[in-house]
């Protein structure tokens with residue numbers, strides 16, 4: 001699979017993830033609440049979108065070592081998701097949320113300004129880690145299963 005095909009697969013993955021994820025998260029947020037609705041919706045869309053992309057790009061995935069091709073796609077997809085997650089601290093209420101969660105877990109403990117920056121970075125790295133692992137695992141499984149659903153036709157030779 002050429003690099004341009006990998007980029008197109010990842011771009012397709014991102015578009016399909018948004019098209020599946022947004023309506024799913026809205027529906028699940030109503031049923032499960034904002035926190036669980038969003039997280040469950042993201043996890044489901046992280047599995048379903050690679051399944052669709054695996055099916056669409058099955059011919060290209062089967063051209064060379066399937067595992068290597070799927071690994072290339074998932075690594076690039078994980079990098080794309082990590083770039084997205086890196087911007088989460090720009091949300092207005094992210095820093096107060098991190099602070100509240102820390103203070104709730106550690107009542108009476110105060111941190112200096114530099115310690116708060118360090119803690120916020122640790123929380124951000126945790127989000128990066130979690131999202132990267134989810135994309136790598138769910139993406140790999142989805143792409144593998146999706147490519148299996150559309151096996152290449154064997155020649156009659």
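Looking at the stretch 87-96, which of its residues are surrounded by fewer than 13 Cβ atoms within 10 Å (Cβ to Cβ) and either in contact with a strand residue (DSSP E or B) (Cβ under 8 Å, 6 or more places away or on another chain) or closer than 16 Å to residue 117 by Cβ (or both)?
So the first thing to find is which residues in the stretch 87-96 are surrounded by fewer than 13 Cβ atoms within 10 Å (Cβ to Cβ), and the list is 87, 90-93, 96.
The answer is 90, 96.
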* Asked: Of all residues in the stretch 42-66, how many are surrounded by fewer than 16 Cβ atoms within 10 Å (Cβ to Cβ), under 19 Å from residue 7 (Cα atoms) and in contact (Cβ under 8 Å) with a residue 12 or more places away in the chain?
  -> 3
* Could you list, in sequence order, the residues of the stretch 108-118 that are surrounded by 12 or more Cβ atoms within 10 Å (Cβ to Cβ) and either in contact with a helix residue (DSSP H, G or I) (Cβ under 6 Å, 6 or more places away or on another chain) or part of a loop (DSSP other than H, G, I, E, B) (or both)? -> 111
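Any idea which of 78, 105 is under 19 Å from residue 126 (Cβ atoms) and buried (at least 18 other Cβ atoms within 10 Å of the Cβ)? Break it down into steps so the answer makes sense when it comes.
On the way: 105 fails: buried (at least 18 other Cβ atoms within 10 Å of the Cβ).
None of the other options fit; the residue is 78.
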* For the stretch 37-96, which residues satisfy the criterion of being out of contact with any helix residue (DSSP H, G or I) (no Cβ under 6 Å at 6 or more places or on another chain), within 24 Å of residue 148 (Cβ to Cβ) and in a loop (DSSP other than H, G, I, E, B)? -> 62, 63, 64, 65
* Asked: So, in the stretch 9-41, of the ones that are crowded, with 18+ Cβ neighbours inside 10 Å and free of Cβ contacts under 8 Å to residues at least 24 places away in the same chain, which residue ends up nearest to residue 71 (Cα to Cα)?
  -> 41
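Look through the stretch 128-146, keep the residues that are closer than 27 Å to residue 96 by Cβ and surrounded by fewer than 16 Cβ atoms within 10 Å (Cβ to Cβ), and return whichever of them is farthest from the chain's Cα centre (by Cα). Reasoning before the result, please.
Residues of the stretch 128-146 that are closer than 27 Å to residue 96 by Cβ, as a first pass: 128-134.
Filter once more, so that each one left must be surrounded by fewer than 16 Cβ atoms within 10 Å (Cβ to Cβ): 129-130, 133.
Details: 129: 10, 130: 9, 133: 8 Å.
By that ranking, first place goes to 129.
Bear in mind these aren't lab numbers, they're just calculated from the coordinates by the rules spelled out. In this text the structure is predicted, and so the values were computed from the model without any measurement. Don't worry about glycine lacking a Cβ; one is built from the backbone with ideal geometry, like all the others, and counts go over all protein chains shown.
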